[in-house]
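Novice: One structure follows; several queries about it will come next.
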């Protein structure tokens, strides 16, 4: 241990003592290319986008004269049981003057009777609320999430359609915040902000809460400022029904949220003013896996589905003719580079320094990388909380857990590489719980 600390200290002395020496640059370039040239520019772009959002938000004037469109909320339900009541209740109690139609689609209702009965038990309470209605739509045989969404779309009466998960609850101003963007005729979709509801359950839920804050609330706010939103969350997406009909609803197969996002973006090249917006104030709260085992099982599907979408299903989308130059560059940089290439580069880099150098020196380099990521994460976390958070005191309670985030992120990147390989060589998208096997395999 003493030898390890000594070597770490030596690394710092080399860098601080003579920052321009050949030895210093030899040390630095063993980790800087992954950070400086790939990640830091994106951090700065996101930060600029967030500051732009903050300035616009401060100058925004509230008006009661705006239009309040008819909203249809499609809730995909599967095995939530009584939990679906909370979702329905938070939608019915929205502080929104316009009409809201709630459509609870219960997939596999024949075996999923508890969820079906729980949804039905809310009908009387909702019917007594002004401008609120609840339709419980049972799909007796299970067809999967996409089947549920498209079934709900058939019955949706609103000009704005929300696609929501049955285990997600919402702040009472969510509908008002999300629908205000459709005053702009160029906005075709809004991505809502998802936060972790079961934060206090375990270490991994706290780490996911920090991850969600960075990757959803902060990152998408920044990307939205440049109209390069990377994905509309499947658990919380808001659309013009006209746009959904144009792209013919949700497509079958895995990663239906990213699939739909890319199909909408395929119109950006022809319609230069078309926009997808993210609103950090339209907040939904969802439950996340509470054990590391369940977390990595979920990410095996998520990360594998990403490779499936990029390499198997949407490889033709990577052209500026379809998505426009701005989104084309964003797809290459933050899609292929960040989410596909970087995990392999980092995994290879870790393997290299462990094999090529003495253990104490390798640990010293990794400690240096850890401290860099920790500093960057803590810095941006504080800024993002101050500018974005609608629950700043609650979010700041997560700050002490940031000490684990660089390690958590590194392990997740290595797991990401494994998930991508599993998809490429094992067609992992066929092994998913999002739909019955016969539905997934029919699509391939």
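Novice: With bins 10 Å wide starting at 0, give me the P(r) of the stretch 258-360 over every alpha carbon pair, in whole percents.
Specialist: 12, 30, 32, 19, 6, 1
Novice: Please list the equivalent ellipsoid semi-axes of the stretch 66-291, computed as the square roots of five times the alpha-carbon gyration tensor eigenvalues, in descending order and whole angstrom.
Specialist: Gyration-tensor ellipsoid for the stretch 66-291: 25, 21, 18 Å.
Novice: Could I ask something else about it? For the Cα atoms of the chain, what angle does the longest principal axis make with the long axis of helix 405-426, in degrees from 0 to 90, nearest 10?
Specialist: With rounding to tens, the tilt is 70 degrees.
Novice: What is the distance in Å between the Cα centroid of the stretch 273-287 and that of the stretch 186-218?
Specialist: One Cα centre to the other: 11 Å.
Novice: Neighbouring Cβ atoms within 10 Å as the yardstick, rank 184, 257, 303 fewest first.
Specialist: Ascending number of Cβ neighbours within 10 Å: 184, 257, 303.
Novice: In addition: Expressed as an acute angle from 0 to 90° and rounded to the nearest 10, what is the orientation of the C-alpha long axis of helix 2-17 relative to the principal long axis of the chain?
Specialist: So the helix axis and the longest Cα principal axis differ by about 90 degrees.
Novice: At R0 = 30 Å, how high is the FRET efficiency between residue 59 and residue 123 if r is their beta carbon distance? Nearest 0.05 is fine.
Specialist: Taking R0 as 30 Å, the efficiency between residue 59 and residue 123 is 0.10.
Novice: What's the ranking of 242-254, 95-107 by average number of surrounding C-beta atoms within 10 Å, highest first?
Specialist: The densest-packed peptide leads the list: 95-107, 242-254.
Novice: Please give the contour-minus-distance gain from residue 421 to residue 397: 0.36 nm per residue of separation, less the Cα-Cα distance, rounded to one decimal in nm.
Specialist: Residue separation times 0.36 nm, minus the Cα-Cα distance, leaves 5.0 nm.
Novice: If one takes the longest principal axis of the Cα atoms in the chain, at what angle in degrees, from 0 to 90 and to the nearest 10, does the Cα axis of helix 83-92 lie?
Specialist: The angle comes out at about 70 degrees.
Novice: Additional query: Which percent of the Cα-Cα distances in the stretch 311-385 go past 17 Å?
Specialist: Every Cα pair in the stretch 311-385 considered, those over 17 Å come to 65 percent.
Novice: Stick to the Cα atoms of the chain, pair each with every other, and give me the Kirkwood hydrodynamic radius in Å at one decimal.
Specialist: Value: 23.3 Å, from the Cα pair sum.
Novice: For a quick size check, give me the Cα extents of the stretch 178-301 along its three principal axes, largest first, whole Å.
Specialist: Here the spans come out as 46, 30, 20 Å, largest first.
Novice: Counting each pair of different Cα atoms once, what's the Kirkwood radius of the stretch 352-412 in Å, rounded to one decimal?
Specialist: Hydrodynamic radius (Kirkwood, Cα only) of the stretch 352-412 equals 13.2 Å.
Novice: Further question on the same structure: Just to be sure I understand the curve: with the Debye formula and one point per C-alpha of the stretch 231-270, what is log10 I(q)/I(0) at q = 0.26, 0.29, 0.32 Å⁻¹?
Specialist: Calculated log10 I(q)/I(0) at the listed q: -0.95, -1.14, -1.29.
Here, each number is a calculation from the coordinates, and none is a lab measurement. If you're wondering where the values come from, they're calculated on a predicted model, not measured in any experiment. All Cβ positions, even for glycine, are placed from backbone atoms using ideal geometry, and neighbour counts span all protein chains on display.
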